[in-house]
Amino acid sequence: MNGMASMERDKTYFSENLLNWYRKSRRDLPWRRSRDPYHIWVSEIMLQQTRVDTVIPYFNRFVDRFPSLRDLAVAPEEDVLKHWEGLGYYSRARNLQSAAREVVEKYGGVVPRDKKEVSGLKGVGPYTTGAILSIAYDQPEPAVDGNVMRVLSRYFCLEEDIARPATRIGMEALAQSLIPENEAADFNQALMELGALVCTPKSPSCGECPVGERCSGRLAGRERELPVKTKAKKAKPVFLFAAVVQGTGEHAGKVLVRQRPDSGLLAKMWELPYVEAPDEEAWGSAARGASLLEAGLAEEGIGVRASGIVAGEAQHVFTHLVWRLKVLEAVAVDEKYVSDRTGYRWVGPDDFENYSWPNVFRKWLTEYFIQSLS
């Protein structure tokens, strides 16, 4: 009984002190200036695996262009992807728009208050559901992400592996039990804020923590060991040769690009045409890359002569993949024929911004066009 009483005191202390700290020191973030569920929804999707400072300008630009859920629902997908460009994880933007259309069709354009209905929307998982319902509608629903699991693991000295789904479910029940009555919006944001600013992954600022006095992990000297998390599988390297096919005549100053397929990774975005090398050894040979590019693009009906001259290299990290990209200079065998191929375009610095690019190609081509103009 004493243990249970102590646990309840720890919970009360945690909730009260956390809320007091948050109300005095919370950051002024654009999505906190209203309880609009649409704004909260957009911000939470953007904040997944992205820093707050990075998200702020993207959020402002996105809601300026799509000020309401209805505006997002009727927008062309290309426009949505363009305003998401740079954040990565483009499936999230597509899911957000699909869900917005569902809200318009099923709920009259109003984000529902029912947990089952919100969680049934495309791309909306348990965390986002909890964030929308608690912050917008002040419902006592937990919003448990990595930050929150880290805080709870340390404060209550929990040793369960946070990579396991069962641990998340337990954490959600614990977080829900901590929410004071009628304080869900501020409490969940306070918990997120603590994890983001104070109870950080590698160097927690325990001396600045509003609940550190009763933190079991700190008292046990284990704040840097917790939470327990099994390591994810190492990302698989993929070795690519891309062609920067330089235009001549009416296409002078432009390069040949292609659009990715309608579904799958980075769907419908634009890129330099590329082929995959069979292994790292083959990727080390520019001459091998030139022949692979010529043969691979010929299968798509694109005739190019690749020089074997390396114009640059780049790398892009996905969740489970790492692209290692080597760009080779090339020219088209027949520019007019290439121009008529579906999914291929000649693009220069003047119309570059009209297209949506994965970051790796955006960065590389931006540098390329800057150098070509200097």
Got a sec? Which of Glu193, Glu223, Glu181 is among the acidic types (Asp, Glu) and assigned to a helix (DSSP H, G or I)?
-> Glu193
From the list Trp84, Trp41, which one is surrounded by 12 or more Cβ atoms within 10 Å (Cβ to Cβ), of a type in the set (Phe, Trp, Tyr), closer than 30 Å to Phe156 by Cα and within 15 Å of the chain's Cα centre (by Cα)?
-> Trp41
Examine the stretch 191-203 for a residue that is within 20 Å of Arg51 (Cβ to Cβ), surrounded by 18 or more Cβ atoms within 10 Å (Cβ to Cβ), among the small types (Gly, Ala, Ser) and in contact with a Phe, Trp or Tyr (Cβ under 8 Å, 6 or more places away or on another chain), and state whether such a residue exists.
-> no
Answer yes if at least one residue in the stretch 154-173 is part of a helix (DSSP H, G or I), within 21 Å of Gln49 (Cα to Cα) and small (Gly, Ala, Ser), and no otherwise.
-> no
Inside the stretch 1-115, counting only helices (runs of 4 or more DSSP H) that do not spill past its ends, which hold 3 or more residues that are small (Gly, Ala, Ser)?
-> 2-25, 90-107
Considering residues of the stretch 87-121 that are more than 16 Å from the chain's Cα centre (by Cα) and among the basic types (Lys, Arg) only, the residue farthest from Gln48 (Cα to Cα) = Lys106
Does the stretch 196-213 hold any residues that are in contact with a helix residue (DSSP H, G or I) (Cβ under 6 Å, 6 or more places away or on another chain) and not in a helix (DSSP H, G or I), and which are they?
-> Val198, Cys199, Pro210, Val211
For residues in the stretch 264-279 being part of a strand (DSSP E or B) and touching a helix residue (DSSP H, G or I) at 6+ places or on another chain (Cβ under 6 Å), which is farthest from Val238 (Cα to Cα)?
-> Glu271
Considering every residue within the stretch 263-280, establish whether at least one is within 21 Å of the chain's Cα centre (by Cα), exposed (fewer than 14 other Cβ atoms within 10 Å of the Cβ) and not polar (S, T, N, Q).
-> yes
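Where a number appears in this text, it was derived from the coordinates with a stated rule and is not lab data. What you see is a predicted model; the values in this text were computed from it and never measured. So basically every Cβ, Gly included, is an ideal-geometry build from the backbone, and we count neighbours across all protein chains shown.
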